[in-house]
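Data first, discussion second: the structure below is written as structure tokens.
Rule-based calculations on the coordinates, nothing more; no lab input. Keep in mind the model is a prediction, meaning the values are calculated, not measured. As a convention, Cβ positions derive from the backbone with ideal geometry for all residues, glycine included, and neighbour counts pool all protein chains shown.
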Amino acid sequence: MQNPLPVVAVSLALTTFLVSLWQWLPLELDLPWAALLTLIAMGLGSLIWHAVLGFLKRRGWEPESTDPFGGADEARVVGGAAIGCVYFLPLAGLLAFVDAKTHHLAWSEAIWANFAFLVGTTCGGALFYGTRIRARTSVLGWSHLTHESVLVLVWSLLIFGFGFLGYSVARVAASGMSTADALLYTFIVTAVPVLLCYVAVLIFIQVCVTPRNPQHQARAVVVGLFSMFSVILAHELLWVLANVA
């Protein structure tokens with residue numbers, strides 16, 4: 001284990017930055033509510049995913065050795081699609097509620113936009129796990145830190161990139177936002193969960209991981225927490241960008 005002090009300093013700086021960002025930007029959803037939604041979405045998503053994983057194994061659609069925490073035996077294409085769909089289903093539902101209650105979007109539009117987000121995360125999950133990126137890159141001789149850093153960048157980019165693309169396309173159809181603006185906003189807000197998940201994994205591996213104990217389960221919890229919170233932040237940032245335009 002390396003000296004944790006520099007990593008602790010980075011963690012504190014990142015936390016301060018996120019809190020400051022929430023205070024400075026004209027976000028309509030406040031920080032305590034965002035934290036509560038994060039915990040609810042993560043808890044419900046994990047419960048649903050584990051139930052679905054058991055069902056997929058009983059049906060023979062996922063191998064019995066499937067590791068839901070990102071180990072050597074990750075999910076395949078069906079499990080990947082299930083991760084993208086059921087794990088982020090509670091988050092999509094909560095964001096639809098936020099869109100309707102906080103941003104005063106019609107319920108039909110809120111549900112449609114966040115359903116499109118869920119379709120995007122499903123496609124991204126199926127693509128990441130279906131192509132067996134972890135298995136393909138594990139033979140390249142990278143260090144554990146480099147390997148996990150690359151994987152979390154690709155994972156978050158595919159899942160949240162497709163997710164926010166779906167959300168933006170749905171909003172274009174409903175609000176008349178230009179396609180060029182929607183694509184630009186998608187690119188900007190997708191960078192939020194991608195970078196935050198990357199930093200979270202970087203800090204976790206530096207502090208908690210040893211060569212003999214990769215801590216797959218704990219790392220998955222950290223990524224899940226940061227991914228939920230960062231998507232909520234990115235969702236609010238997308239509304240700020242749209243309102244400014």
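The angle separating the long axis of helix 216-244 from the principal Cα axis of greatest extent in the chain is about 20 degrees. Helix 5-24 and the longest principal axis of the C-alpha atoms of the chain enclose an angle of approximately 10°. Among ARG134, ARG58, sorting on how many other beta-carbon atoms sit within 10 Å of each Cβ, with the fewest leading, yields ARG58, ARG134. Applying 0.36 nm per residue to the separation of ARG58 and SER143 and subtracting their alpha-carbon distance, the gain on full extension is 27.1 nm.
The long axis of helix 107-130 is offset from the longest Cα principal axis of the chain by roughly 20 degrees. Available extension along the chain between CYS208 and TRP24 is 63.0 nm, counting 0.36 nm per residue and deducting the alpha carbon span. The HN-Hα couplings worked out from phi for the stretch 27-32 by the Karplus form 6.51 cos²θ - 1.76 cosθ + 1.60 (θ = phi - 60°) are 7, 7, 8, 7, 5, x Hz, whole numbers, x standing for Gly and Pro. Computed about the Cα centre, the dipole magnitude for the stretch 28-67 is approximately 300 debye when only Lys and Arg (+1) and Asp and Glu (-1) carry charge, each at its Cβ.
Simple point charges give the picture: +1 on the Cβ of Lys and Arg, -1 on the Cβ of Asp and Glu, and for the chain a dipole about the Cα centre of about 580 debye.
Measuring r between the beta carbons of ARG136 and LEU225 and using R0 = 30 Å, the FRET efficiency lands at 0.65. Over the chain, DSSP H runs of length four or greater, each weighted -39,500 (n - 2.57), average out per residue to a 222 nm ellipticity of -26500 deg cm²/dmol.
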